[in-house]
Amino acid sequence: MKAVILVGGLGTRLRPLSINTPKSMMPVVNIPFIEYVIRRLSRHNIKHVILAISHLAQPIKNYIGDGSRFGVSITYTIEETALGTAGAVKNTAQYLDDEAFVVLNGDIFTDLDISAMIALHNRRKAKITIALTPVEDPTIYGLIETDDKGRITRFLEKPSWEQVTTNMINAGTYIMEADVLNSIPAQTMFSFEKGVFPPLLQKGEPIYAFPSSCYWMDIGTPEKYHQLNRDLLNAKSNQFNFIKNTHVSIGEDSNIHTAAEITGPAVIGNNCTIGERAKLNGAVVIGSGSTIGDSAIVEDSVIWHNVKIEQGAIVKRSIIADNCRIGAESNIIDAVISDNITVTAGYNIKPGSKIWPDTPVG
Ligand code: GDD
Ligand code: MG
């Protein structure tokens, strides 16, 4: 079976982190997000993966290449203008076979058992099977109602609170029969959620739900992206369980001063330097090539690659993207800082700030 991963969204709500880094390349515990998605498919024996991209394609292609490193073969399709979720899959039709295939929203981290989902799809002889997950706030997702046999009876995309009848939503993984492609116009902006699923339901096609309460996170916002990193460090998903052996993982060629204090969970990448009396209070991720200066404090934060946090700086509950320099004795609390930013020594960033690229700070 083949899979299409939708990686074309603009990641608008993830800005400023997504301005220069596509959502799928954002490091999650130091590994690009898309790598987890591809490896999971590979584990479920899905070895041919099509990446449907619409912008910022190059960084993804550079990293993933032909996919052989991850045990899969990758094909890329690039939309000139974004075609929407269904339009993007239609655009991959020449690479699909005359059999059922998997579609994944490319911004979901989940432990969903795809093999069990495929088995259910076949047993039910479904046209489409859609994974469902329970959430606290269905209004930002696609609400899905089912009957007592698990057959889907209603789709309601981004309902208002008055319209909410269930906490179960579209979890962004589909198994679909090949002829579903016939209901999508070519080279046209078209969405599954509004343009394909409701009309097929209307026609009486068998569309089934695959509910699951396994780990599930849509990395749509910086807060959720941060929570995903925390959750992995705390072993909430079965895809990152270093914590079972140790609370602190240190990459190759990293230099940790003997008087540094690290209380995990913490993952430190390769070629990092952690200075004298520096404190890392978990959950903390330090990207490769980063330096934490003497007496600096980093707590509950995600630091990307090649970041320099100078002596005595304090970073708490924040995300700092690639190549930033955080000046000595500055305070970064509850902030999201995009790549290549320099914060002047001694400067206190206003809590809650989101710093856009090319913004002078201090
Ligand atoms: N190639 C391509 N082209 N991909 C696209 C396009 C496009 O034009 N538009 C969106 N995508 C990708 C996004 O990158 C993302 O991976 C996925 O399709 C879903 O798009 P989002 O924009 O993230 O949608 P959403 O989160 O508001 O809602 C969707 O996901 C929810 C679950 O997280 C819907 O499917 C909801 O029903 C669902 O509950
Ligand atoms: Mg999304």
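Annotations
- Under the Karplus curve 6.51 cos²θ - 1.76 cosθ + 1.60, θ = phi - 60°, whole-Hz ³J(HN,Hα) for segment 161-177, x wherever Gly or Pro sits: 4, 5, 8, 6, 10, 7, 9, 8, 10, 4, 8, x, 10, 10, 10, 9, 6
- Considering only segment 108-225, percent of DSSP beta bridges that pair antiparallel, nearest 5: 75 percent
- Nearest-10 value in Å² for the accessible area of D137, using the 1.4 Å probe: 50 Å²
- For the residues I114, I140, I169, a GNM of the chain with alpha-carbon springs under 10 Å puts the largest fluctuation on I140.
- Annotation: amide H-H contacts under 5 Å for R154 (H modelled 1.01 Å from N, sequence separation of 5 or more, or interchain): E145.
- Among L201, L132, L104, residue whose mean-square fluctuation peaks in a GNM of the chain (springs only between Cα atoms under 10 Å): L201
- Mean separation of Cα contacts under 8 Å (6+ apart) over length of segment 244-355, as relative contact order %: 16 percent
- In order along segment 317-329, the phi-based Karplus estimate (6.51 cos²θ - 1.76 cosθ + 1.60, θ = phi - 60°) of 3J(HN,Hα) comes to 6, 10, 10, 10, 7, 3, 6, 8, 10, 9, x, 4, 6 Hz; Gly and Pro are listed as x.
- Near T258, once Lys and Arg are set to +1 and Asp and Glu to -1 for all other residues with Cβ below 13 Å from its Cβ, the sum equals -2.
- Computed over segment 244-355, the quotient of the alpha carbon radius of gyration and 2.2 N^0.38 Å is 0.94.
- Among T75, T165, T139, the largest mean-square fluctuation in a Gaussian network model of the chain, built with springs joining Cα atoms closer than 10 Å, belongs to T165.
- When the surface is traced with a 1.4 Å probe over the full set of protein chains, W356 keeps roughly 110 Å² accessible.
- Cα shape, the chain, gyration tensor, a/c 1.5 rule: prolate
- Segment 2-231 - percent of accessible surface contributed by carbon and sulfur, probe 1.4 Å: 49 percent
- Fraction of beta bridges assigned by DSSP in the chain that are antiparallel (%, nearest 5): 25 percent
- Solvent exposure ordering (accessible area, 1.4 Å, most first) of T173, T221, T12: T12, T221, T173
- Note on segment 2-231: dipole from Cβ charges, positive end direction compared against S42, S54, L156; the farthest Cα belongs to S42.
- Nonlocal amide H pairs with I268, under 5 Å, H built at 1.01 Å: S249, I250, G251, I286
- Difference of contour (0.36 nm per residue) and Cα-Cα distance, K194 to S213: 4.4 nm
- Over 22 Å (Cα to Cα) - which of K23/K224; K23/K61; K47/K203; K2/K224; K279/K308; K23/K354 fall in this group: K47/K203; K2/K224
- Considering only alpha-carbon pairs that sit under 8 angstrom and 6 or more positions apart, the relative contact order computed for the chain is 13 percent.
- Global form of segment 74-161, assessed from the alpha-carbon gyration tensor, a/c cut-off 1.5: oblate
- The phi torsions of segment 96-101, fed into the Karplus equation with coefficients 6.51, -1.76 and 1.60 and a -60° offset, translate into couplings of 9, 9, 7, 8, 4, 9 Hz, rounded to whole numbers, with Gly and Pro shown as x.
The values are calculated or read from the model by the stated rules, or taken from the named source; none is laboratory data. Here the structure is a predicted model, which is why all the values come from computation and not from measurement. Glycine gets a Cβ as well: all are built from the backbone with ideal geometry, and neighbour counts include every protein chain shown. Areas reflect the complete protein model, heavy atoms only, side chains present, ligands, DNA and RNA absent. Shrake-Rupley method; radii C 1.70, N 1.55, O 1.52, S 1.80 Å.
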